[in-house]
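Derivation of every value follows stated rules applied to the coordinates shown; laboratory data play no part. Remember, it's a predicted structure, so these values are computed and weren't measured experimentally. Note that each Cβ is placed from the backbone with ideal geometry, even for glycine, and that neighbours are counted across all protein chains shown.
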Amino acid sequence: MNVLLFGKRGQVGHELLKKLQQLGAVVAFDSTEVDFRDDEQVKHVLRQEQPDIIVNAAAYTAVDNAESESVLAHQVNATAVGHLASYANDNDALLVHFSTDYVFDGTKDGRYNEQDLCNSFSVYGTSKRDGEERIIESNCKHLILRTSWVYSNRGTNFIKTILKLATSKAELNVINDQVGVPTSAQLIATVTSQILSKYVENPVSLKEAYGTYHLSPSGETNWHEYAKFIVRTAMERGEHLQLPLEAIHPIPTSQYAQAAIRPKNSLLDTSKLRSAFQIELPDWQVDVEETICDLLTSRTTPYNI
């Protein structure tokens, strides 16, 4: 089967490319090679490559900037995704698309499941939900994987930011009233490849499994506790940091100015995914610890930021 991957240089896309190459021939593009702002370019690439499987890891992810760049966010996260879905439907291809906890408003008491109402407070979240709707309305074969608090050992993310700040700051304020689950790009890629390997072996095997799923590790945390875990883990591995654990102070969201409203509750119920594909998900600390170890041993500049 021919696999077409968009977003190969992003955190998730980079890990996906390594995993998908184990399944067969993969053609991969980044945003400099295929511009999702250009409808005709997207359509041309689809016609040219004629993929059996489309994996879309490309997205507009600048959450705060999206508040003033709503047209661009919707073009990349919804309109372009609609073209992928239309091609998939017309050509009996499978579309795998990644979405976000930001499609929810974060006011639920408990974990969000796939049937819960989407009601984002941000332009970014709304644009991602619009992309989901384009896929569903196309009636194409699809898997939408919603995830949360994504990180890896490349790109810009919370782990690397905290480690860098901890080398120079004597105090740090971190939000403590937003809960969620950090999810590694490696886990996302691993689960995706496990699902797709079944499809490659027997496309009919997923016939009853198309739809939307939540993907994140087990457990939960908040940004403040997450930051303390990062610093503590680095210190335990011999890293000399300037920031004491007791100097990482909890603050409410109201004391941290951001253009976009984040969901207070980003917890995702993953039972549907685990049941449908017989997948076990590790506790969130496992991959965070591994990523920190990788960063401490392989960096060429402070945490590659």
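Observations, loosely collected:
- Relative contact order (%) - segment 128-275, alpha-carbon pairs under 8 angstrom, separation at least six: 37
- Loop-resident sites, segment 1-92, for trypsin sites (Lys or Arg not before Pro), counting at most 11 other Cβ within 10 Å (DSSP): none
- Taking 0.36 nm per residue of separation and subtracting the current Cα-Cα distance, fully stretching the chain between Lys169 and Tyr210 would add 10.0 nm.
- Between Leu117 and Val27, the simple spin-label model (points 7 angstrom out along Cα→Cβ) gives 4.3 nm.
- For segment 186-282, the alpha carbon positions stretch 55, 35, 21 Å along the principal axes, listed from largest to smallest.
- Coil-residue GluC sites (Glu not before Pro) of segment 19-64, DSSP, other Cβ within 10 Å capped at 13: Glu33
- Share, in percent, of DSSP beta bridges within segment 83-206 that are antiparallel, nearest 5: 0
- Top positive-direction residue, dipole computed over the chain with Cβ charges, set Leu241, Val55, Ile135: Leu241
- Protection proxy ranking, peptides 253-261, 163-171, average beta carbon neighbours within 10 Å, highest first: 163-171, 253-261
- Reported to the nearest whole Å, the Cα centre-to-centre distance from segment 122-152 to segment 250-276 is 16.
- Above-threshold pairs, the threshold being 27 Å between Cα atoms, out of Lys19/Lys164; Lys8/Lys264; Lys108/Lys198; Lys18/Lys128; Lys164/Lys272; Lys18/Lys169: Lys19/Lys164; Lys8/Lys264; Lys108/Lys198; Lys164/Lys272; Lys18/Lys169
- Counting neighbouring Cβ atoms within 10 Å and putting the fewest first, the residues Asp109, Asp294, Asp101, Asp52 line up as Asp109, Asp294, Asp52, Asp101.
- Nitroxide proxy distance, nm - points 7 Å out along Cα→Cβ at Asp39 and Leu296: 5.2
- Here segment 79-171 is treated as an ellipsoid with the same Cα gyration tensor; its semi-axes, largest first and in whole Å, are 32, 18, 11.
- Label-point separation in nm, Ile136 to Asp64, each point 7 Å along Cα→Cβ: 3.1
- Remark: the chain carries a charge dipole of roughly 420 debye about the Cα centre, counting +1 on each Lys and Arg Cβ and -1 on each Asp and Glu Cβ.
- Angle between the chain longest axis and helix 284-298 axis [Cα atoms, degrees, rounded to 10]: 80
- Cα centroids of segment 97-120 and segment 74-88: 21 Å apart.
- Förster radius 45 Å - calculated FRET efficiency between Val200 and Thr253 (Cβ-Cβ, nearest 0.05): 0.55
- The chain: relative contact order as a whole-number percent, Cα under 8 Å and 6+ apart: 22
- Among beta bridges from DSSP that stay inside the chain, the antiparallel ones total about 5%.
- Angle of helix 11-20 to the longest C-alpha principal axis of the chain, folded into 0 to 90 degrees and rounded to 10: 50°.
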